[in-house]
Amino acid sequence: MRRRTTLLVGGAVVVALALGGLVGGVLAEPRSVTAASAAPVALAERALAGAAGGVGASPLASLEERVRAQPRDARLLTQLGFAYQLRWRETADPSYLPRSEAALRRAVRLGVDDADAVLGLGSLALIQHEFRTALRLGRRAQRLLPGSSRPFGVIGDALVELGRYGEAFAAFERMVTLRPNLASYARIAYARELVGDREGAREAMRLALDAAGGQSEPTAWANVELAKLELGLGHTRAAQAHAGTALRVLPGYPSARIELARIEASSGRLAAAVAQAQRAADAIPTAQSIALLADLLERDGRTAEARRQRATIAVIDRVLAANGVRVDLESAVTRADNLVRPRETVELARRARAARPSVFGDDALAWALARAGRCAEAVPLAKRALRLGTEDGLIWFHLGYALGCAGDEPTMGDSYRRALELHPEFSVRWAPVARAALRNG
């Protein structure tokens, strides 16, 4: 496949990856580095590549010991800051995030605006969903690294979540022009998906897979992303092949198991889907893996077990918040799904949209309003969530639900049909609801 610097729809149409699957915005590029700076740059590549991590407990303890012995070494502190982010990715233990911040802030103070430490803080701000902070740090890094592609990842990721798409697209166009690589191609893939070009997204993600160069973690990650795209296009066998490859490359990779669970469910193999989701949740108990497991259990008629799993999500959200991660948007959607104190959920979603005024912020508030019965308010926001042309079945379902509860049942049916046309299993929980509504309508 021929590589192109510009792979964008309509010019500079590029957006950042959704942060639940972040490909690092600051992958290191060839530049003049001293021996002292080479190590933090290498660790930054691993920390920000969006794969499974790569720093075990023993190497981390060794690095902590080195920092204790040399507490004023900015280079070692930067390495430690990135290592903590890697361990968070590997373990889902958010207590590593405040430790990452402390190490990186000290590195910046000692290193006098060390670019790698600034970019590490930008990455951390993205993880914590502090997007305005991430934008400020990304632009600061850009001043420190003129001519580098690396800061544009942090800048673009933040701008996307802030709903400033024109600026974000320009940032990513600049990034891919300066250095086409796994990070750039992955962003192009997501951009195309966001604007409705799913075939183009698959093409770009294949380039990202090529750019992974056979490295285990990036290769596994890219295969999982390809599995998602293939499943969305209805190519179940191709999706299963990519997810299986990810597990062979990186045995036990939880993201691959999550995707295999979705694939099994879409093929009607519910018991196998539950087993894969359970293994993913046992390996790394994230809100994503547990929510999928709960939905599968409920669909299998195991409602009491599903209820217990969903209670765990609220605990995870509280732990994340206690460690500096803003989860208002994700929490609002989960609460709306389960009709948890609808009035409070609307206010939570409103705050989330103010912090993240993106298409996903619009969708979250629309869904919270619709589930609270405030359907006339929900419809304009649900339509706005589709303003980029995104072919996301769940967003179309949310629009249909809002239309239906507002009394527009014919248009509700159109939206439900569109959701199911895009992906018959767009949601383990809500696709059956859409099908039932159309049958009974």
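The values are calculated or read from the model by the stated rules, or taken from the named source; none is laboratory data. Values in this document were obtained by computation on a predicted structure and should not be read as measured data. Using ideal geometry, Cβ is built from the backbone for each residue, glycine included, and neighbour counts are taken over all protein chains shown. Just the protein is used for accessible areas: all its heavy atoms, side chains included, with ligands, DNA and RNA removed. Shrake-Rupley method; radii C 1.70, N 1.55, O 1.52, S 1.80 Å.
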Residues that are more than 20 Å from the chain's Cα centre (by Cα) and part of a loop (DSSP other than H, G, I, E, B), drawn from segment 86-116: V112, D113, D114
Matching residues, segment 88-107, being open to solvent by 20 Å² or more (accessible area, probe 1.4 Å) and either of a type in the set (A, V, I, L, M) or over 15 Å from N323 (Cα atoms) (or both): E90, A92, A102, R105, R106
Residue in segment 369-379 that is under 25 Å from the mean Cα position of the chain (by Cα) and free of Cβ contacts under 8 Å to residues at least 24 places away in the same chain present: no
Among (1) among the small types (G, A, S); (2) more than 30 Å from A281 (Cβ to Cβ); (3) modelled with pLDDT of 95 or more, the one test that A134 misses: (2)
Given (1) more than 23 Å from A186 (Cβ to Cβ); (2) in a helix (DSSP H, G or I); (3) not polar (S, T, N, Q), index of the condition L137 fails: (1)
Any hit, segment 281-303, residues being open to solvent by 70 Å² or more (accessible area, probe 1.4 Å), closer than 22 Å to A220 by Cα and of a type outside the set (K, R): yes
Counted residues, segment 145-154 - those being among the hydrophobic types (A, V, I, L, M, F, W, C) and either open to solvent by 10 Å² or more (accessible area, probe 1.4 Å) or part of a loop (DSSP other than H, G, I, E, B) (or both): 2
Any chance E230 is open to solvent by 10 Å² or more (accessible area, probe 1.4 Å), part of a helix (DSSP H, G or I) and acidic (D, E): no
Residue in segment 59-79 that is at pLDDT below 70 and either over 19 Å from the mean Cα position of the chain (by Cα) or surrounded by 19 or more Cβ atoms within 10 Å (Cβ to Cβ) (or both) present: no
Tally of residues being farther than 23 Å from T219 by Cβ, out of contact with any Lys or Arg (no Cβ under 7 Å at 6 or more places or on another chain) and β-branched (V, I, T) across segment 143-186: 3
Odd one out for T390 among (1) within 27 Å of A294 (Cα to Cα); (2) among the polar types (S, T, N, Q); (3) not in a loop (DSSP other than H, G, I, E, B): (3)
Residue check, D328 in contact with a Lys or Arg (Cβ under 7 Å, 6 or more places away or on another chain), under 19 Å from A291 (Cβ atoms) and open to solvent by 20 Å² or more (accessible area, probe 1.4 Å): yes
Residue in segment 358-376 that is surrounded by fewer than 20 Cβ atoms within 10 Å (Cβ to Cβ), modelled with pLDDT of 95 or more and in a helix (DSSP H, G or I) present: yes
